[in-house]
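Single-structure report; data block below.
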Amino acid sequence: MLEVSTDPRGIARVTLNRPQKHNAFDEALIAALHAAFTSLAATPPRAVILSGTGRSFCAGADADWMRRAAGWSEAENRADAQKLSDMLAAIDGCPAPVIAIAHGAAFGGGAGLVACADLAVAHPETLFAFSEVRLGITPATISPFVLAAIGPRAARRWFLTGERFDALEAQRIGLVHAVSETPEAVVDAWLEALLASAPGAVAEAKRLVRDLAGRPIDEGLRAETAARIAARRATGEAKEGMAAFLDKRPPAWVTRA
């Protein structure tokens, strides 16, 4: 149901592999994704590509899973929802850049996966939806990650109606960064840029966005950012990057890539 591999460049690929179920979530897939990204965080690759097999990227919740959940108590549902949240947080917080490739359907939790990625590309035929309200529920668990991606105004539009929207609209609201008939080519260009960048600096830049987004630009924030760049300048990566720039040679991380 989940395939994980890493190529010689250090690029990991996590592939949802429940094509007969449109890669929809159930307890087992959620647990497998959480385990995979927890493992990747322990020894971060240069980047992670998240994709799906079959006709859809991820069509949201598996019908059998929802049927089981309908008979659970509130406490059981809370524990189950927490596992989904923990899985999404593991993707969102992965130290390596995560690239999502969406195709077919990316509904509900599938759209949540896209929102957790650092970079996302969609095939033009991809359809998205936050359709939870049409089932009498809400996109509560995915909402922090989606709101961070598309903002509250767009979320009001799509959370409340549950309507489907296309890839170009997903790009317009910030859920995906690119729409392409050849999404793998877009990913290759992004990987080329990432592999030219220092992996530790990339991870720190990701943390920078997560930690500082939405905070007021006050004296405390300015002091924190000054401390962060000072600490980064003292790292071996920064010293190697500056030396390589002055020597007009590729830095060591490009040589090893």
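Some values worked out for this structure:
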item	result
Residues located in region 125-140, provided they are among the small types (Gly, Ala, Ser) and part of a loop (DSSP other than H, G, I, E, B)	GLY136, ALA140
Test set (1) more than 11 Å from ALA198 (Cβ to Cβ); (2) β-branched (Val, Ile, Thr); (3) within 25 Å of the chain's Cα centre (by Cα) - ILE229 fails condition number	(3)
So ALA47, is it touching a Leu at 6+ places or on another chain (Cβ under 9 Å) and of a type in the set (Gly, Ala, Ser)	yes
Flag if GLU169 is more than 14 Å from ALA120 (Cβ to Cβ) and acidic (Asp, Glu)	no
Tally of residues being surrounded by 19 or more Cβ atoms within 10 Å (Cβ to Cβ), out of contact with any Leu (no Cβ under 8 Å at 6 or more places or on another chain) and at pLDDT 95 or above across region 50-78	2
Region 134-182, subset of a type in the set (Val, Ile, Thr) and in contact with a helix residue (DSSP H, G or I) (Cβ under 7 Å, 6 or more places away or on another chain), residue surrounded by the most Cβ atoms within 10 Å (Cβ to Cβ)	VAL176
So PRO152, is it in the same structural domain as ALA24 (by TED's automatic domain parsing), in contact with a Leu (Cβ under 9 Å, 6 or more places away or on another chain) and over 30 Å from ARG67 (Cα atoms)	no
Any hit, region 221-228, residues being assigned to a helix (DSSP H, G or I), of a type in the set (A, V, I, L, M, F, W, C) and either within 24 Å of ASP92 (Cα to Cα) or touching an Asp or Glu at 6+ places or on another chain (Cβ under 9 Å) (or both)	yes
Qualifying position, being farther than 30 Å from TRP253 by Cβ, among the charged types (D, E, K, R), outside the structural domain of ILE101 (by TED's automatic domain parsing) and loosely packed, with under 14 Cβ neighbours inside 10 Å, among GLU219, GLU125	GLU219
Residue list for region 1-52, restricted to those being closer than 23 Å to ALA189 by Cβ and of a type in the set (Val, Ile, Thr)	THR6, ILE11, VAL14, THR15, VAL48, ILE49
Conditions (1) modelled with pLDDT of 95 or more; (2) surrounded by fewer than 16 Cβ atoms within 10 Å (Cβ to Cβ); (3) farther than 20 Å from SER56 by Cα: number failed by ALA81	(1)
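Yes/no matrix, rows are residues, columns are (1) out of contact with any helix residue (DSSP H, G or I) (no Cβ under 9 Å at 6 or more places or on another chain); (2) in the same structural domain as SER51 (by TED's automatic domain parsing); (3) closer than 21 Å to ALA96 by Cα:
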site	(1), (2), (3)
VAL187	yes, yes, yes
ALA201	no, no, yes
GLU204	no, no, yes
VAL209	yes, no, yes
LEU212	no, no, yes
ARG228	no, no, yes
THR235	no, no, yes
MET242	no, no, no
ARG249	no, no, no
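Residue-wise test of (1) in a loop (DSSP other than H, G, I, E, B); (2) small (Gly, Ala, Ser).
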| residue | (1), (2) |
| --- | --- |
| ALA185 | no, yes |
| TRP190 | no, no |
| LEU194 | no, no |
| ALA205 | no, yes |
| VAL209 | no, no |
| GLY214 | yes, yes |
| ILE217 | yes, no |
| ARG232 | no, no |
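The values are calculated or read from the model by the stated rules, or taken from the named source; none is laboratory data. Note that this is a predicted model, so its numbers are computed, not measured. Reconstructed Cβ throughout: ideal geometry from the backbone, glycine too, with neighbour counts over all protein chains shown.
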